[in-house]
Structure formats: C-alpha cells, structure tokens
Amino acid sequence: MTRTSVREILESSFIKLEPKEPKRKASENWFGLDSAMVPPDIIELIKNAPLRDIVPITDTVFFGEPILRCQSLVFNPKGLLNWTFPDVSNNGNFIAIAANRLVLNFPNQIADISKLKLIPPLQTQDLHGPDGNTGHSGWTSGSDDGTSGGAGSPGETGKNGMTYGYPSIYIFYNKIVFNSPAPNIVTALRIEGPGIKGGNGGRGGNGGTGGVGSRGTPGDRDCVLGICMCSAGPGRGGNGGPGGPGGKGGDAGRGGSGATIFFVGPTAQLPNIDRIEMSLSGAPPGTPGAPGNPGAGGQEGGGGSKPFECKDGGGSGKHGGPATPQNLGTGAIKGKGLDGAVFTATRDNTDLFT
C-alpha cells in the first residue's frame, strides 16, 4: 500500500486531511489508524532488514538505506541524523525506522535539540524540465523558379517541471525513553521533512528560420543565323519565408508536499510523541518556462540570370518577415505543495526485534 492509497482510504472514510502549520507537535495533527492498516508487506520487509544493537546519534550521522532497524536508537543533544534515502518507488514506496527503544535525550538549550533530517534522492535541480528544440526551417524550392520560401515552424514547447512526492515514512517503536529535561525545553527531537520545490518549466524552443526564396527563372534568347534576341526576361526572385514563433515555455512543476509520517507503537507511548516537533511544510512551485525566441525571416531570392540581349533583369524578392505571433507564451504556474501529515497506529512491535 502506498502513501497515496492510505490517504485515499482515510479521505473516503472518516478523516479529512487538512494542511497544517509547518512546525508543530505531533499530537496537534494526529490521525489515528487501526494497526490493520499498516501493510503486512512492510512488516515483513522490516523483519528481514539487518538488526543493529545500539545506534547513537551524537554528532552528524549519515544513513542511506531504506530501513534502519535496531534495538536502541539514541538521539543525543546536537545529534543530527541525515537520512539520504534511496529511490524506493519500485520497492514498497516507503522508508522506515524500527527501534525497540527510541531514546530522546533532552539538551540544556534549544539550539542543541537533536534532529532527524529526511533527504530525498532527488532535489529541485533534478526536476527541471528540458528546453524545447528549435523549430524546423521553412520549405525552400531548391530550383530557380522564383518560389517564395515557407514559414519556419514554431519552436517545440519546453517540457514541464516535475514534482517530487515523498514515500510513506514509518517510525516503529515499543518504548520512547527520555532523560530529565531542562525546565524551558519541551522538545526532544525535531523531524524535518519539508517538500521539495517544484522543477522549473523548460524554455520553449526557438522558432525555425523562414525558408529561403528561390532565385528567379533565368532569361532566355532566340538565335537565328547568329543573330540573337531576348525572348524572355529573367524572373523575379522569391520572397523569404517568415520566421516561426518561439515555442511555449513548459509549465512549472507543482511544489512537493511535506512528508507523511506514521508512528506505530503501543497505546501507552502515544503521549510521548508530543515531545517530537515536525517541520513538514509544503514547498513552492517551480518557475514556468520562458518562451523561445522567434525565428529569423528567410533570405530573399535573387533575380534570374539575364542574357546579354535582355535589357530588363529580374529583381530580388523580399526578405522574410518576422514571426507572427513572436512566441506562443510562457508556461503555466502551478500551486504550492500540501503540508505533510502525521498518523498514529497502535501495535505491539515485539515481533520486529526477535
């Protein structure tokens, strides 16, 4: 079951998900789940993950696997767990912490509160849409027939920016343990999982250059007994074709939503989650792509070749005009991502650590 399907189940039954403030305590937006709604395939994958003993987070710790399973996960003051998780879209679409004991040690000052920072495998620069290709040049006759060149084609539309969506994030525990906090400290751990800004739309491709006007038809003469006379004057050259409009810019990518976190553990431990602060704000959209530049007008064709006997020569055509319209517009702006949400489910997780 993916995060999306869980949200759809809740929205279609008894819970309406609403955006929340970007920073809040867990209990301020708890959405209760039945433990049966925790997908069984996730439980099996966690059971098969390596079981570590004690994992201390004292300084900066980097972790890059989809599942962290241990007997004790200890967050100490100033500790920072940078969790750069891999792409799991084809493997359950979830990441998980499974800690038999989740130990949260309060600092003496707010600046030293420990953090869990969720770092997705993609960032905004990976979500930008590619630029559109330049339009094709206009048709050209290729013969000396005075034909005008064709219009250049419009530039290709820039590709739309993309949006990143977090996988579901599970935190399984059997017990949450604290040391004695300082009087002014109410938060033991901060979890940061803000959305990622949407990708920028790609720039539209430049319009194609107008086709070249062909050279005018050549003049002709008739000769009898060595005496030649002009029988047809040279033709006028063809006009250059107009340039193609610049392509439309790609749409901006919608801002990514903040992470959705599922706390799963015994009922008696639920109040302890209130000591965990969340930063799960939705991200702004990307920037729409700019249109491409209009293509240049095509070169005019010259007059046809003139025999000596013909007094009047064919004139040149006109240079191709500008593109009309000059471009096909800027890409569309999309909306901000939703703030993340927190869900709780009650479960005895002893089986995850045996």
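The values are calculated or read from the model by the stated rules, or taken from the named source; none is laboratory data. Worth saying up front: this structure is predicted, and the values here are computed from it rather than measured. Heads up, the Cβs are rebuilt from the backbone with ideal geometry, glycines too, and the neighbour counts pull from every protein chain shown. These area figures cover heavy atoms from the full protein model, side chains too; ligands, DNA and RNA do not enter into them. Shrake-Rupley method; radii C 1.70, N 1.55, O 1.52, S 1.80 Å.
Scanning region 127-152 for residues that are closer than 30 Å to Thr287 by Cα, in a loop (DSSP other than H, G, I, E, B) and either open to solvent by less than 50 Å² (accessible area, probe 1.4 Å) or touching a Leu at 6+ places or on another chain (Cβ under 8 Å) (or both) turns up Gly129, Gly132, Gly135, Gly152. Looking at this structure, is Gly243 over 23 Å from the mean Cα position of the chain (by Cα) and either buried (at least 24 other Cβ atoms within 10 Å of the Cβ) or assigned to a loop (DSSP other than H, G, I, E, B) (or both)? Criteria met by Gly243. On inspection, Ile97 qualifies as open to solvent by less than 40 Å² (accessible area, probe 1.4 Å), within 28 Å of the chain's Cα centre (by Cα), farther than 30 Å from Gly201 by Cα and β-branched (Val, Ile, Thr).
Taking the listed residues Leu328, Leu270, the one that is modelled with pLDDT of 95 or more and not aromatic (Phe, Trp, Tyr) is Leu328, with no other qualifying. When restricted to residues that are open to solvent by 50 Å² or more (accessible area, probe 1.4 Å) and of a type outside the set (S, T, N, Q), region 199-238 contains 15.
A count restricted to region 188-216 and to residues that are in a loop (DSSP other than H, G, I, E, B) and in contact with a strand residue (DSSP E or B) (Cβ under 8 Å, 6 or more places away or on another chain) stands at 7.
The residue that is surrounded by the fewest Cβ atoms within 10 Å (Cβ to Cβ), counting only those in region 264-311 that are part of a loop (DSSP other than H, G, I, E, B) and hydrophobic (A, V, I, L, M, F, W, C), is Phe308. Here Thr84 meets the list (1) among the hydroxyl-bearing types (Ser, Thr, Tyr); (2) open to solvent by 50 Å² or more (accessible area, probe 1.4 Å); (3) under 26 Å from Gly250 (Cβ atoms) almost entirely, failing just condition (3).
Checked against (1) within 28 Å of the chain's Cα centre (by Cα); (2) farther than 24 Å from Thr344 by Cα; (3) crowded, with 24+ Cβ neighbours inside 10 Å, Thr163 passes all but condition (3).
Inspect all residues belonging to region 110-126 and state whether any of them is open to solvent by 30 Å² or more (accessible area, probe 1.4 Å), farther than 22 Å from Ala341 by Cα and part of a loop (DSSP other than H, G, I, E, B). Scanning region 110-126 turns up no residue that is open to solvent by 30 Å² or more (accessible area, probe 1.4 Å), farther than 22 Å from Ala341 by Cα and part of a loop (DSSP other than H, G, I, E, B).
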